[in-house]
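Working notes, beginning with the structure itself.
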Amino acid sequence: MIVIGLPLWVAQTNCWIVSADGHECVLVDVPPDPRAVLTEVQARHLKVSAIFATHGHIDHVGGISSFIHQQQNTPTLPVYIHSKDKHMLIDPVGNGGSLSQYLVDSGLATAPPEFIADLDDGEVVKGAGMKFQVLYTPGHTKGSVCLLLSDDQSEILFSGDHLFKDSIGRTDLPGGSYEELMNSMGEKILPLKDEVAVFPGHGPTTTIGHEKQHNPFLQNLR
């Protein structure tokens, strides 16, 4: 398993490049710096087969359309996002708040991708020979999800802006809810094995076990 993290754009948002065989890959979140993502993919001679968005905030989806346009012969590259955040992918400028002007000023593509599919709770989504289980974890946004990737040796949780090392995602933005975030944390994340590695939308990696022991927001859930 190959997992490459690129912290990009003003928020240092992690774009995760994930490959099981070193030939095909999927992307988890694409910040508004698509050239950096494309450069990394091309340098490693990887073919992108799907893009997953953990939620619809502009720092996680703002580079998706441009990345697709920059690639040749891949106009129907599938992009997966939860239905409750799909509107933010379809219209990143109208839903991007004060940061949306960056997309316009930088000349990034803002038309929606041609092929958008839903990420439904409990669904197993396939990409590049890998299987990702969708965990619906609202709270940061109405459509936030985490993606659990399992192979014969390990499990990785791509947690978006739901769970960070020693912290959680903010809930003071439109669509956010601390109660929803903590409920989904308790129902979907805490039951995972301690050994599960966590690759968040910002900051360093961690493990479920570390967060159970050290994350102050999780202590009252145990």
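A few points about this structure:
- Candidates 140, 87, 60: the one that is closer than 26 Å to residue 168 by Cα, touching a residue at least 24 places away in the same chain (Cβ under 8 Å) and not in a helix (DSSP H, G or I) is 140.
- Index of the failed condition, residue 122 passing every other in (1) free of Cβ contacts under 8 Å to residues at least 24 places away in the same chain; (2) part of a loop (DSSP other than H, G, I, E, B); (3) out of contact with any Phe, Trp or Tyr (no Cβ under 9 Å at 6 or more places or on another chain): (3)
- Among the candidates 194, 166, 152, residue that is surrounded by fewer than 16 Cβ atoms within 10 Å (Cβ to Cβ), at positive phi and not small (Gly, Ala, Ser): 166
- For segment 3-32, the set of residues classified as touching a residue at least 40 places away in the same chain (Cβ under 8 Å) and of a type in the set (Val, Ile, Thr) consists of 3, 4, 10, 13, 18, 26, 28, listed by residue number.
- Close pairs from segment 193-222: first under 20 Å from residue 149 (Cα atoms), partner part of a helix (DSSP H, G or I) and modelled with pLDDT of 95 or more, Cβ under 6 Å, at least 6 apart: 194/208; 194/209; 196/208
- Taking each residue of segment 33-44 that is at pLDDT 95 or above and buried (at least 17 other Cβ atoms within 10 Å of the Cβ) and looking for partners that are assigned to a helix (DSSP H, G or I) and of a type in the set (A, V, I, L, M) with beta-carbon atoms closer than 9 Å, six or more apart or interchain, yields 34/64; 34/68.
- Residue pairs meeting the criteria (Cβ under 9 Å; at least 6 apart or on separate chains; first touching a residue at least 60 places away in the same chain (Cβ under 8 Å) and among the aromatic types (Phe, Trp, Tyr), in segment 98-117; second surrounded by 14 or more Cβ atoms within 10 Å (Cβ to Cβ) and assigned to a helix (DSSP H, G or I)): 102/58
The values are calculated or read from the model by the stated rules, or taken from the named source; none is laboratory data. The structure presented is a predicted model; accordingly, all values stated were derived computationally and were not measured. All Cβ positions, glycine included, derive from the backbone under ideal geometry; neighbour counts span all protein chains shown.
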